[in-house]
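Asker: This is the structure, below, for whatever I ask next.
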Amino acid sequence: MSTNLIDTYVSEVGRRLPRKTRTDIEAEIRSILQDMLDERSQKTGKPVDEEMTLEVLKSYGDPEKVAATYQGERYLIGPRLYPIFMMVLRIVLLVTGILAAIGLGVAAYQTTLTPLNAFETIIKAIANFGASIMTVLGNIVLIFAILEWALFRAGGKVEVKGLPKEKEWDPRSLSKVSSPNQVKMGETILEIVGCFAAIVVFNFYPQIIGFTPNLNSVVESGSWASITFFPLLSEAFFIYVPFLTIVWVLTIILDIVLLRMGHWNTVARINSIGLKVVGILIAAIMLSGPSLVAVTTETLTASLGDAGAAQILIKLLFQFVHLVLWLSIILGSLDVIRIIYRQFVNKETPFVVPEKK
Amino acid sequence: MIQYNTVNGEAMTNESLENVILELRRGVIVLAVLSCLGEEQYGYSLINDLKEHGLEIDQGTLYPLLRRLESQGLLQSNWRIEADRPRRYYILSDEGRALLPRLKEEWTGIVSMMKKML
């Protein structure tokens, strides 16, 4: 009976331990418990019985706590990443809130508002907002948990040999990381927010990207319902969204790492160039692929009642989409050149003291 | 009201005192364990040995510590069957043996420094 109790206790501890060390620790605890029982039996002059086993197990402690002592402190998001995690979370929640408000505005704008459906629209918007907050939270926690895991794997040596041997901090390094290696905080946060907004909009609120050609009908009829709202993007566009999302997510991860490091290094630059090149390639493929605009001259003519105006509008639309794609290719390429230039040409920029005026 | 505050304050002081004592003891555990493992011992005999020297260590602290010191290369261990059951014996590794005199020296330095300070 007492052996059974020990078995149960040991396996209770064991199932909370990592598989790698489980058998070894279980065997050790079992051996210690038997030593304790032997000693107690000798002291009291009684044979080991169930009551004695229970006393020993009680003094050894709750299996959960015993298992925890073998594990050390573990974090999903540790103290090193926590401040940046909170900063990103605040920014991203704010952006999600703003986008949800825009989404609500658009939804209200697209329907005839009566007290009943206004209520319904608001309830739906709240439900959508709740769902996107959960998605956003989940994604950010996931990204940071992966980063934490990667940092833990990379910096496993921090724990060893009594005192942690951290790299000695040299105040002179402050001057070394001045331009061009210093990460520009504002620019990077803006990029995180931009990528995040793009992820949320294109994945969760694609319906808000559109246009209305006849806004003045609102003034004439006095009702929002008179508006025809055209979704701008075609199905062909949404084929690219998963790929773009991957690029945006990776860009966010890189930006977070950069914010954490505070300065650019070769690896970060290579990664950044890689992401930009992929982005440029996607833009180029989009430019040469099927039309990204969902509206056709026919649908627009039906709505406007003027074929000439519809044609001009469609042409403008196509040109606008092309312009956006060309701009992203050109700006992306300029960025790549700038990054390469900073890595190789401008490596040894001396620290310049600003002149006194 | 005043009495309540005093009682509360005392409780707080005791708690803080215990925490500081715990921290102080935690600092010497590694050195104590290493100095007892010049000859091999199994976990339970080590805990009793330390108790006889006046240092009571919680089992939940000692056994994981032994494993950590082993993974750091300061100790080595082997399983042996005695009286029909396996026991794990720990002993200083070569690295641990080389490190111990330096740690003792460090400790003597700390003690004399603190004596001057207190």
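Asker: Apply the Kirkwood formula to segment A:2-71: the hydrodynamic radius equals the inverse of the mean of 1/r over all pairs of different alpha-carbon atoms; give it in Å with one decimal.
Answerer: Computed over Cα pairs of segment A:2-71, the Kirkwood hydrodynamic radius comes out at 12.3 Å.
Asker: By how many degrees, between 0 and 90 and to the nearest 10, does the Cα long axis of helix B:2-36 differ from the longest principal axis of chain B?
Answerer: With rounding to tens, the tilt is 20 degrees.
Asker: Sticking with this one: For B:Leu75, enumerate residues with amide H under 5 Å from its amide H, sequence gap 5+ or separate chain, H modeled in the peptide plane.
Answerer: Counting only residues 5 or more places away or on other chains, the set is B:Glu70, B:Ser93.
Asker: Counting residues in segment A:77-154 as N, plug N into 2.2 N^0.38 Å and put the Cα Rg over that result.
Answerer: Against the compact-globule rule of thumb, the ratio is 1.50.
Asker: Answer rounded, prolate or oblate for chain B, using the Cα gyration tensor with square roots of eigenvalues a ≥ b ≥ c: rounded when a/c is under 1.5, else prolate when a/b is larger than b/c, else oblate.
Answerer: In terms of gyration-tensor shape, oblate.
Asker: Okay, moving on. Mind checking the dipole of segment B:2-117: about its Cα centre, +1 per Lys or Arg Cβ, -1 per Asp or Glu Cβ, Debye to the nearest 20?
Answerer: 240
Asker: Can I ask one more? Once the Cα atoms of helix B:59-71 and of chain B are each reduced to a long axis, what angle between those two axes, in degrees from 0 to 90 to the nearest 10, is obtained?
Answerer: 50
Asker: Can I ask one more? Just to be sure I understand: with springs between alpha-carbon atoms less than 10 Å apart, which residue in B:Asn19, B:Asn48, B:Asn78 has the highest mean-square fluctuation in the Gaussian network model of chain B?
Answerer: In this elastic network of chain B, the residue with the biggest mean-square fluctuation among B:Asn19, B:Asn48, B:Asn78 is B:Asn19.
Asker: As a quick test, which of the pairs A:Lys124/A:Lys276; A:Lys20/A:Lys65; B:Lys51/B:Lys104; A:Lys20/B:Lys51 have an alpha carbon distance above 28 angstrom in this structure?
Answerer: Table pairs above 28 Å Cα-Cα are A:Lys124/A:Lys276; A:Lys20/B:Lys51.
Asker: Then there is this: On C-alpha positions alone, give me the angle between the axis of helix B:43-52 and the longest principal axis of chain B, in degrees, nearest 10.
Answerer: Helix B:43-52 sits at roughly 50 degrees to that axis.
Any read-out appearing in this document is the output of simple, stated calculations on the displayed coordinates, not a laboratory observation. From a predicted model like this one, the values you see are computed outputs, not experimental measurements. Cβ: placed from backbone, ideal geometry, glycine included. Neighbour counts: every protein chain shown.
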